[in-house]
Amino acid sequence: MSAVTLGGRAVTLATITLPASGVWCADVDVDTADEITGRAELVVDDGPTWSGTVVSGGVSHGLWRGRIVGGAGGLRTTLPALAYRNATLADVLRDVLSEAGEVLSPTSADLSYAVALWQRTRGLGASAVAEIALAAGYTWRVRGDGLVWLGVETWHDAGELDVTLLDRNTRGGIYTISGDTLALAPGVRLQVRDELGDVFIGVGDVRHVIEPERITTTVWQA
């Protein structure tokens, strides 16, 4: 099983939630009596890295337990109202991310749409980004690299991953799998096999649960 570390320290338990739209978060237990603050990276040996910021945590019984959110954590802050005239959605988004201390992914889609009038209401930075994405007809999320992405899902192939289907809720479109799963993130097309043959899943929300003896992943079909 792949080792998972936070700042070079062993992660003993973790639940990593990757929403199809929004900011990912991770609740982790780390084998250290030292406080962990600020920017932090969850690293999987020979696997993905999630870059985020510690927003809460503390040491208890020789373990640090805390929560990390994707990026700089600034989309949790409240931004003031702001009015725009003859701007573009790119202008509006640039101000939101600048005030929140976040960075736009260079792979984001075009946002040069002109808006004669735009009123940013007072509220969370995440809500402001969501409004911009809605106006453009895009999905948005903070990706594993900690950058804010807006765009259209391409549903590219997740590749030949060695996964085992543990459970399938056909009514809810929920799949629980194990194996080579930690690289799974929203926006890909995953192939799994059940008793009826191959199943192709458009991956929406993802939740990874890392325990000492196993890793399980739950996928919500988009």
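The values are calculated or read from the model by the stated rules, or taken from the named source; none is laboratory data. Computed from a predicted model, the values in this text were never measured in an experiment. Cβ atoms come from the backbone with ideal geometry, glycine included; neighbour counts cover every protein chain shown. Ligands, DNA and RNA are stripped out before the accessible areas are found, and what is left, the full protein with its side chains, is counted by its heavy atoms. Shrake-Rupley method; radii C 1.70, N 1.55, O 1.52, S 1.80 Å.
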Segment HIS61-GLU160, extension gain: residue separation times 0.36 nm, minus the distance between their alpha carbons: 31.6 nm
Long-range HN-HN contacts of TRP24 with modeled amide H, under 5 Å: GLY70, VAL142
Per-residue HN-Hα couplings for region 203-212 [Karplus 6.51, -1.76, 1.60; θ = phi - 60°; Hz; x = Gly/Pro]: 7, x, 5, 9, 10, 9, 10, 9, 10, x
Region 73-113: C-alpha gyration tensor shape, a/c 1.5 cut-off, then a/b vs b/c: oblate
For region 105-206, average projected area of the Cα convex hull in nm²: 8.5 nm²
Cβ charges +1 (Lys, Arg) and -1 (Asp, Glu), total dipole of region 7-99, debye: 360 debye
Of GLY47, GLY70, GLY62, the one that fluctuates the most in a GNM where the chain has Cα springs shorter than 10 Å: GLY62
Within the accessible area of region 110-222 (1.4 Å probe), percent carbon and sulfur: 49 percent
Per-residue [θ]222 nm for the chain (sum of -39500 (n - 2.57) over DSSP H runs n ≥ 4, rounded to 500): -3500 deg cm²/dmol
³J(HN,Hα), Karplus 6.51/-1.76/1.60, whole Hz, each residue of region 64-76, x for Gly, Pro: 8, 10, x, 10, 10, 10, x, x, 8, x, x, 6, 8
For region 150-197, Kirkwood radius (reciprocal of mean inverse C-alpha pair distance, Å): 12.0 Å
Cα Rg over Rh - region 48-91, Kirkwood: 1.24
Cα long-axis angle, helix 125-136 against the chain (0 to 90 degrees, to the nearest 10): 70 degrees
Between 0 and 90°, nearest 10: helix 89-100 axis offset from the chain longest Cα axis: 60 degrees
Added length on full extension, which subtracts the Cα-Cα distance from 0.36 nm per residue, ASP46 to ASN169: 41.2 nm
Amide H contacts of ALA40 (H built 1.01 Å from N, under 5 Å, at least 5 apart or other chain): GLY52, THR53, VAL54
DSSP beta bridges in region 139-222 [antiparallel fraction, %, rounded to 5]: 95 percent
Per residue solvent-accessible surface (Å²) - region 23-112, probe of 1.4 Å: 48 Å²
Distance (nanometres) between label positions extended 7 Å along Cα→Cβ at ALA109 and ARG214: 3.9 nm
Selection from LEU190, ALA136, LEU124, by position along the positive dipole direction of region 102-199 (Cβ): LEU124
Unit charges on C-beta of K, R, D, E only; dipole of the chain, Debye: 900 debye
Per residue, the convex hull volume that the Cα atoms of region 111-169 enclose (Å³): 163 Å³
Sequence-separation-based contact order of region 62-165, relative, with Cα cut under 8 Å and 6+ spacing, percent: 32 percent
Extended-chain gain in nm, criterion 0.36 nm per residue less alpha-carbon gap, GLU99 and PHE200: 32.3 nm
Correct option for Cα Rg over 2.2 N^0.38 Å [calculated from the coordinates] among [x] 1.10; [y] 1.19; [z] 0.99: [x]
Zone of ASP145's modelled label, taken as backbone nitrogen in region 14-58 under 13 Å from a point 7 Å along Cα→Cβ: 49-51
Distance (nanometres) between label positions extended 7 Å along Cα→Cβ at SER2 and GLN119: 4.7 nm
More than 20 angstrom apart: percent of Cα pairs within region 1-59: 20 percent
Selection from GLY179, GLY74, ALA40 lying farthest towards where the dipole of the chain points positive, charges on Cβ: GLY74
